[in-house]
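Step one of this worksheet: look at the structure below.
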Amino acid sequence: VQLQASGGGLVQTGDSLRLACAVSGRSFSSYAMGWFRQAPGREREFVSAMTGSGQSTYADSVKGRFTISRDNGKNMVYLQMNTLKPEDSGVYYCAARKWGVDNLTPINNYAYWGPGTQVTVSS
């Protein structure tokens, strides 16, 4: 499984961005997919995830502002980010969860990672 995130950029506070993650490999619809982010000097943190059947979850810090979605026919997962804040800045990574685990939020539950895309929100 290979992943490639795109869509990052430099925006201002209150703007929107849509990240996309292209996934290659078989059985995409069976993988739960997640988005994580990492700011300089900080640990990588969970942002949002969605199961193959469409169940989603979000970090408290992004609830109501971010929306995850996926297109199983195109092997794509998206993260719509609205009302961006400077604290949303960081490198955003998409990841595919391991099979056989249930929890969507722990970083260690994800087996496959893309190289990340930079999001910078200026104040």
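The values are calculated or read from the model by the stated rules, or taken from the named source; none is laboratory data. Small disclaimer: the values here were computed from a predicted structure and weren't measured. Backbone-built Cβ (ideal geometry, glycine too); neighbour counts: all protein chains shown. Each accessible area value is taken on the protein alone, full model and side chains, heavy atoms only, with ligands, DNA and RNA left out. Shrake-Rupley method; radii C 1.70, N 1.55, O 1.52, S 1.80 Å.
Out of (1) open to solvent by less than 30 Å² (accessible area, probe 1.4 Å); (2) out of contact with any Gly (no Cβ under 6 Å at 6 or more places or on another chain), the odd one out for residue 108 is which?
(1)
Picking from 74, 63, which residue would you name as being open to solvent by 30 Å² or more (accessible area, probe 1.4 Å), over 29 Å from residue 122 (Cβ atoms) and either among the polar types (S, T, N, Q) or not in a strand (DSSP E or B) (or both)? Break it down stepwise before answering.
Numbers: 63 fails: over 29 Å from residue 122 (Cβ atoms).
One residue alone meets the criteria, 74.
Under the condition of being in a strand (DSSP E or B) and over 12 Å from the mean Cα position of the chain (by Cα), which residue from segment 18-37 is surrounded by the fewest Cβ atoms within 10 Å (Cβ to Cβ)?
24
Just give me the residues in segment 112-123 being at pLDDT 95 or above and either over 15 Å from residue 21 (Cα atoms) or among the aliphatic types (A, V, I, L, M) (or both), in sequence order.
119, 120, 121, 122
Could you run through segment 102-123 and say how many residues are more than 17 Å from residue 79 (Cβ to Cβ) and either part of a strand (DSSP E or B) or among the hydroxyl-bearing types (Ser, Thr, Tyr) (or both)?
Residues in segment 102-123 being more than 17 Å from residue 79 (Cβ to Cβ) and either part of a strand (DSSP E or B) or among the hydroxyl-bearing types (Ser, Thr, Tyr) (or both): 3 in total.
Name the residue that is surrounded by the most Cβ atoms within 10 Å (Cβ to Cβ), counting only residues in segment 77-104 that are modelled with pLDDT of 95 or more and of a type in the set (Val, Ile, Thr).
77
Go through segment 38-56 and give me each residue that's open to solvent by less than 70 Å² (accessible area, probe 1.4 Å), part of a loop (DSSP other than H, G, I, E, B) and closer than 20 Å to residue 9 by Cα.
Selection gives 39 alone.
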